Amino acid sequence: MKLYNGGKIIAGIVVFLIAATFPFWYGRGKAVRPPDLKLDTPVIQQLKEKLCVEPAPYMRANHMKLLTVWRDAAVREGNRSYTAINGRVYTISLTSTCLECHSNKKQFCDRCHNYAGAKPACWNCHIIPEEVR
Amino acid sequence: MKNLGISIIAVVILLMLPIGAAAAEWYSLLTVALPYGALTVFLLGFIYRVLLWAQSPVPFRITTTCGQEKSLPWIRTNSLESPSGLFGVIGRMALEILLFRSLFRNTGAEILEKRPVYGSAKWLWLFGLLLHWSLLFILLRHLRFFVEPIAPFINALSAFDGLFETGVPTLYLSDLVFLTAATALFLRRVVLVRVRYFSLPQDYFPLLLLLCTAGSGILMRHFTKVNLIKVKELATGWVSFSPVIQEGIGPLFSIHLFLVCTLLVWFPLSKLMHMGGIFLSPTRNLANDNRMRRHLNPWDAPVRVHTYEEYEDEFRDKMKTAGLPVERE
């Protein structure tokens with residue numbers, strides 16, 4: 001196989017391969033464990049029935065949708081009460097309902113959100129209680 | 001319209017395949033074998049095509065008439081359009097690769113009052129440029145699923161892309177630009193009669209494929225949510241060669257992944273190879289130094305020449321007898 005300008009061609013292919021396989025060499029081939037969440041805040045430990053607003057699988061899949069619904073209800077409609085599927089009524093508030101139990105934002109919210117690079121703009125408006133204290 | 005129909009049917013079949021595979025629970029095929037296979041085809045196919053091109057000799061410099069070549073000192077040289085050295089070539093290539101300068105020169109022709117009228121036509125250049133740059137942004141943003149911890153530049157890029165913080169989650173500008181540009185380029189092939197006339201199935205196909213891929217991605221981000229932790233587990237599994245078979249991330253994710261794999265396989269087989277080809281455009285990457293250097297054609301047959309010295313050696317006696325002057329006695 002006779003290559004013309006072989007040096008430049010090979011150099012170009014090497015650059016292409018290095019760029020195209022970036023994720024392979026950047027992580028040095030180490031397997032990454034998905035984050036584990038901490039649910040042992042004082043408030044959660046005192047709960048008799050460890051239940052979030054809705055059941056955990058639902059929350060895992062839909063918390064972002066629920067929070068958007070809550071935002072619209074509280075901010076746009078002035079409605080601050082939410083009735084869950086099981087009939088319980090909750091006050092719509094990120095800071096005093098969600099974060100009351102999940103007061104460990106760094107070990108709870110941030111673990112997954114940093115892992116997935118999902119950065120919603122919650123904290124542009126909301127305060128983080130642990131940081132205020 | 002037949003060509004358009006063929007590519008629409010192809011894309012519809014491609015949309016149904018992953019749904020079928022997910023229904024048949026072929027998750028190891030869908031989430032492990034197929035991505036590895038597609039990436040291998042992409043990398044090896046890409047290199048193969050480039051090596052194939054590199055076997056063509058490039059004996060002469062193709063000069064173009066868009067700029068004044070280097071000449072006498074009092075004639076102004078256009079060193080970007082007709083460069084004579086390495087730096088000029090690098091400049092011309094950079095303009096071509098980053099800003100699509102050749103497309104900027106695109107002209108359109110129209111019949112106005114029974115006369116052909118030629119004018120500048122920048123739409124193809126504009127949407128082409130928008131499509132490619134937004135695709136690059138989208139591609140780099142996706143790295144957040146492949147590397148852990150996420151490199152700062154990836155987060156910075158995502159933040160810049162979602163600069164206006166429209167909605168939750170933020171609408172990425174590149175998504176919007178990409179959909180607009182791809183739709184415009186697709187409509188160009190459908191609506192403009194002359195462009196439709198020479199459009200082949202393989203012209204519509206990548207645009208439809210990209211539109212469906214982007215569409216499924218946007219649906220996943222903004223409408224039906226997917227479990228990003230599972231997605232990242234899958235993607236980091238691939239790159240650390242310890243793949244995790246993920247089941248049930250969702251039908252849209254299956255479609256998205258399958259279409260990306262199709263794109264990777266399609267890439268080296270099709271005109272998408274212009275990604276590598278643009279670097280090898282002879283009218284762009286060859287310096288115009290024909291008058292400074294002699295370029296020899298590598299396939300010239302050796303010509304047997306008979307020099308004057310040899311001629312004189314052969315006929316010296318006869319020349320002397322005839323009284324002709326000779327150079328050596």
Partner chain coverage, peptide B:140-148 - average Cβ within 10 angstrom: 5
Given the pairs B:Lys2/B:Lys114; A:Lys119/B:Lys230; A:Lys30/A:Lys119; A:Lys30/B:Lys271; A:Lys105/B:Lys225; A:Lys48/A:Lys119, which are separated by over 27 angstrom at their Cα positions? B:Lys2/B:Lys114; A:Lys30/B:Lys271; A:Lys48/A:Lys119
Principal axis extents for the range B:124-179, Cα atoms only, whole Å, descending order, please. 39, 23, 14
Which values, in whole Å and largest first, are the semi-axes of the equivalent ellipsoid of the range A:14-70 obtained as the square root of 5 times each eigenvalue of the Cα gyration tensor? 40, 17, 8
Any idea what Rg and Dmax come out to for chain A if you just take the C-alpha atoms, in Å? 23.4, 77
Considering only B:Gln68, B:Gln55, B:Gln202, give the residue with the highest GNM mean-square fluctuation for chain B, with springs between Cα atoms whenever their separation is below 10 Å. B:Gln55
Could you work out how far the C-alpha centroid of the range B:15-44 sits from that of the range B:114-176, in angstrom? 27 Å
What do you get for Rg/Rh of the range B:145-270 when both radii come from the Cα atoms and Rh is the Kirkwood radius? 1.02
Using distinct alpha-carbon pairs, which all enter the 1/r mean, Kirkwood radius of the protein assembly as shown in Å: 27.6 Å
For the range B:178-329, which whole percent of the accessible surface, found with a 1.4 angstrom probe, sits on carbon and sulfur atoms? 64 percent
Helix-derived mean residue ellipticity, 222 nm - over chain A, DSSP H n ≥ 4, -39500 (n - 2.57), to 500: -11000 deg cm²/dmol
Counting only protein heavy atoms and rolling a 1.4 Å probe, how much accessible area do A and B lose on contact, total for both sides, in Å² to 100? 3200 Å²
Here the averaged projected area of the range B:56-132, based on the convex hull of its alpha-carbon atoms and given in nm², is 8.4 nm²
Could you run the Debye sum over the Cα atoms of chain B, one equal point scatterer each and no solvent, and tell me log10 of I(q)/I(0) at q = 0.12, 0.13 Å⁻¹, two decimals? -1.04, -1.17
Roughly how many Å² is the accessible area per residue of the range B:207-329, as a whole number, for a 1.4 Å probe? 59 Å²
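The values are calculated or read from the model by the stated rules, or taken from the named source; none is laboratory data. Just so it is clear, the structure is predicted and the values come from calculations on it, not from any experiment. Neighbour counts are summed over all protein chains in view; Cβ atoms, including those assigned to glycine, are modelled from backbone coordinates with ideal geometry. Just the protein is used for accessible areas: all its heavy atoms, side chains included, with ligands, DNA and RNA removed. Shrake-Rupley method; radii C 1.70, N 1.55, O 1.52, S 1.80 Å.
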